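Novice: This is the structure, below, for whatever I ask next.
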Amino acid sequence: MAVEAAAQQTGLITGEELARMSNLGRYELIDGRIVPMSPTGDAHGGYEGNFYFALRMFVDAHQLGKVRVGEVGIYTRRDPDRVRGADVLFISNERYAQKQSDSYLDVAPDLIVEVLSPNDSWSEVMQKLREYFSIGVQLIWVADPLARRVYAYRTITDMREFTEDDELPGDDVLPGFSIKVAQLFED
């Protein structure tokens, strides 16, 4: 009831209020307003799973931190709140130990993976990247299933392109990690 009252008075809600709501489906919170997202397709879910599996195997073997999948909520702004959903992420033990929120991540992950959907616009993707970098994300992989490429961003202007014949490195975020891009796009 208090959530509904707050939303009625200002039209805006907080990330904490959003986390208490149920049965919303897929969404993000943009400046205090709920923005619905369509469900991902079958292939998209498979690609997310491929990234998750590869990262999880490496991270667990080296006890580096946590890997999450499934539109994990991350605060990218407060007051009004902005909560973005990441397809896959890695967060180091050091960063995870700083987490204070019981709902969404209030500490920047080290690495985020965004798998493009056919209806994604590059302007929207770039906006998410700007937000992620503004909170301290070190590396973002944008996976393009149609082109079968992964674009690795260190900043909004520092980007490397990896084709399906290339090895995708973890750089200094995940030293020693490497996987053939083609494996990430297997069905």
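A quick yes/no check of all residues on (1) of a type outside the set (G, A, S); (2) over 21 Å from G41 (Cβ atoms); (3) touching a residue at least 12 places away in the same chain (Cβ under 8 Å):
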| position | (1), (2), (3) |
| --- | --- |
| G136 | no, yes, yes |
| A143 | no, no, yes |
| R149 | yes, no, yes |
| T157 | yes, yes, no |
| R160 | yes, yes, no |
| G170 | no, yes, yes |
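Novice: Given (1) in a loop (DSSP other than H, G, I, E, B); (2) surrounded by 14 or more Cβ atoms within 10 Å (Cβ to Cβ), identify the lone condition not met by Y132.
Specialist: Every condition holds for Y132 apart from (1).
Novice: If you don't mind, another one. In region 1-41, how many residues are modelled with pLDDT under 75, touching a helix residue (DSSP H, G or I) at 6+ places or on another chain (Cβ under 9 Å) and among the hydrophobic types (A, V, I, L, M, F, W, C)?
Specialist: Final tally of qualifying residues: 5.
Novice: Every residue in region 76-94 that is crowded, with 21+ Cβ neighbours inside 10 Å and either of a type in the set (F, W, Y) or out of contact with any helix residue (DSSP H, G or I) (no Cβ under 7 Å at 6 or more places or on another chain) (or both), please.
Specialist: Answer for region 76-94, where residues must be crowded, with 21+ Cβ neighbours inside 10 Å and either of a type in the set (F, W, Y) or out of contact with any helix residue (DSSP H, G or I) (no Cβ under 7 Å at 6 or more places or on another chain) (or both): A86, L89, F90, I91.
Novice: Does region 67-102 hold any residues that are farther than 15 Å from I135 by Cβ and outside any strand (DSSP E or B), and which are they?
Specialist: P80, N93, E94, A97, D102 - these are the residues of region 67-102 that are farther than 15 Å from I135 by Cβ and outside any strand (DSSP E or B).
Novice: What do you reckon, is A152 small (G, A, S) and crowded, with 16+ Cβ neighbours inside 10 Å?
Specialist: The answer is yes for A152.
Novice: Please verify whether region 58-66 includes one or more residues that are open to solvent by less than 70 Å² (accessible area, probe 1.4 Å), in a helix (DSSP H, G or I) and modelled with pLDDT of 95 or more.
Specialist: Among the residues of region 58-66, at least one is open to solvent by less than 70 Å² (accessible area, probe 1.4 Å), in a helix (DSSP H, G or I) and modelled with pLDDT of 95 or more, which makes the answer yes.
Novice: Is it fair to say E48 is open to solvent by less than 40 Å² (accessible area, probe 1.4 Å), in contact (Cβ under 8 Å) with a residue 60 or more places away in the chain and closer than 24 Å to L168 by Cα?
Specialist: So E48 fits the description; yes.
The values are calculated or read from the model by the stated rules, or taken from the named source; none is laboratory data. Note that the structure is predicted; figures quoted are calculated from it, not measured. Every residue, glycine as well, gets a Cβ built from its backbone with ideal geometry; the counts of neighbours run over all protein chains shown. Each accessible area value is taken on the protein alone, full model and side chains, heavy atoms only, with ligands, DNA and RNA left out. Shrake-Rupley method; radii C 1.70, N 1.55, O 1.52, S 1.80 Å.
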